[in-house]
Amino acid sequence: MRARLISIGERMPAWVAAGVAEYSKRLSHDLPLDVIEIALGARGKGRDLARAISDEGAAMLAAIPKGAHVIALDGRGSVWSSEHLAEQLARWRMLGQDLVFLIGGPDGLAPDALARANQRWSLGPLTLPHPIVRIVLAEQLYRAVSQLGNHPYHRGG
Ligand SMILES: C[S@@+](CC[C@H](N)C(=O)[O-])C[C@H]1O[C@@H](n2cnc3c(N)ncnc32)[C@H](O)[C@@H]1O
């Protein structure tokens with residue numbers, strides 16, 4: 001099983017790229033993680049914001065491999081503890097489908113992208129900037145993989 005992180009916004013600051021790369025490297029054996037960056041839809045004076053969001057959604061949908069199990073990162077989704085995430089990961093492994101995680105841009109995920117999601121996952125009530133969500137997601141996946149493999153990285157809260 002592979003995982004793909006599809007996120008709005010290109011050319012992240014070096015510290016974001018380094019954080020995601022660190023956890024991707026640690027995940028490479030158990031859950032290889034590809035990162036796909038989608039260009040931010042054009043915003044600004046005279047631009048239609050709904051159009052920008054729907055363009056982002058269309059590009060996201062095009063980047064989802066056929067048959068993937070899709071999880072949208074969404075503040076209105078279900079909140080999972082790290083232990084619950086490890087249980088989710090064990091269930092996802094049983095599905096035998098590749099995983100796709102969607103992270104929206106400054107205006108959130110497009111309705112079409114949310115509609116494609118099989119599950120919605122909230123990291124809690126705080127609204128987090130999307131670059132930080134990338135790092136938290138990669139770290140929590142590594143924590144879940146470690147927990148399932150009885151690796152000492154996860155010691156519980
Ligand atoms: C700056 S937030 C967008 C906020 C937007 N106003 C909204 O209501 O979705 C950018 C993206 O980061 C992710 N995100 C931010 N905070 C989150 C949280 N607490 N839980 C899950 N995902 C979150 C979501 O994918 C969101 O689309």
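The values are calculated or read from the model by the stated rules, or taken from the named source; none is laboratory data. Not measured: the values here are computed from a predicted model. Positions of Cβ are generated from backbone atoms using ideal geometry, with glycine treated the same way; all protein chains shown enter the neighbour counts. Heads up: the accessible areas ignore ligands, DNA and RNA and are worked out on the full protein's heavy atoms, side chains in. Shrake-Rupley method; radii C 1.70, N 1.55, O 1.52, S 1.80 Å.
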Starting from the range 115-127, take each residue that is closer than 17 Å to PRO65 by Cβ and list its partners that are assigned to a loop (DSSP other than H, G, I, E, B) and near the ligand (Cβ under 8 Å from one of its atoms), counting only C-beta distances under 9 angstrom and pairs at least six apart or across chains.
ALA117/LEU109
Near pairs, Cβ below 9 angstrom, 6+ apart or cross-chain, from the range 8-27 (of a type in the set (S, T, N, Q)) to any residue that is surrounded by 12 or more Cβ atoms within 10 Å (Cβ to Cβ)
SER24/LEU5; SER24/PRO32; SER24/LEU33; SER24/ASP34; SER24/VAL35; SER24/ALA138; SER24/TYR142
Among the numbered criteria (1) free of Cβ contacts under 8 Å to residues at least 40 places away in the same chain; (2) in contact with a helix residue (DSSP H, G or I) (Cβ under 7 Å, 6 or more places away or on another chain), which one does ASP112 miss?
(1)
How many residues does the range 4-21 hold that are under 16 Å from the mean Cα position of the chain (by Cα) and assigned to a helix (DSSP H, G or I)?
5
Test: LEU85 is open to solvent by less than 10 Å² (accessible area, probe 1.4 Å) and not in a strand (DSSP E or B):
yes
Would you mind stating whether ILE36 is crowded, with 20+ Cβ neighbours inside 10 Å and either at positive phi or not in a loop (DSSP other than H, G, I, E, B) (or both)?
no
Looking at the range 145-154, which of the residues that are assigned to a loop (DSSP other than H, G, I, E, B) and either on the phi > 0 side of the Ramachandran plot or in contact (Cβ under 8 Å) with a residue 12 or more places away in the chain (or both) is least open to solvent (accessible area, probe 1.4 Å)?
HIS154
Among the residues of the range 96-108 satisfying the criterion of being under 14 Å from the mean Cα position of the chain (by Cα) and assigned to a loop (DSSP other than H, G, I, E, B), which is farthest from the ligand (Cβ to nearest atom)?
ASP98
Is it true that some residue in the range 41-59 is within 14 Å of the ligand (Cβ to nearest atom) and outside any helix (DSSP H, G or I)?
yes
Can you pull out every residue in the range 109-144 that is surrounded by fewer than 20 Cβ atoms within 10 Å (Cβ to Cβ), near the ligand (Cβ under 7 Å from one of its atoms) and in a strand (DSSP E or B)?
SER122
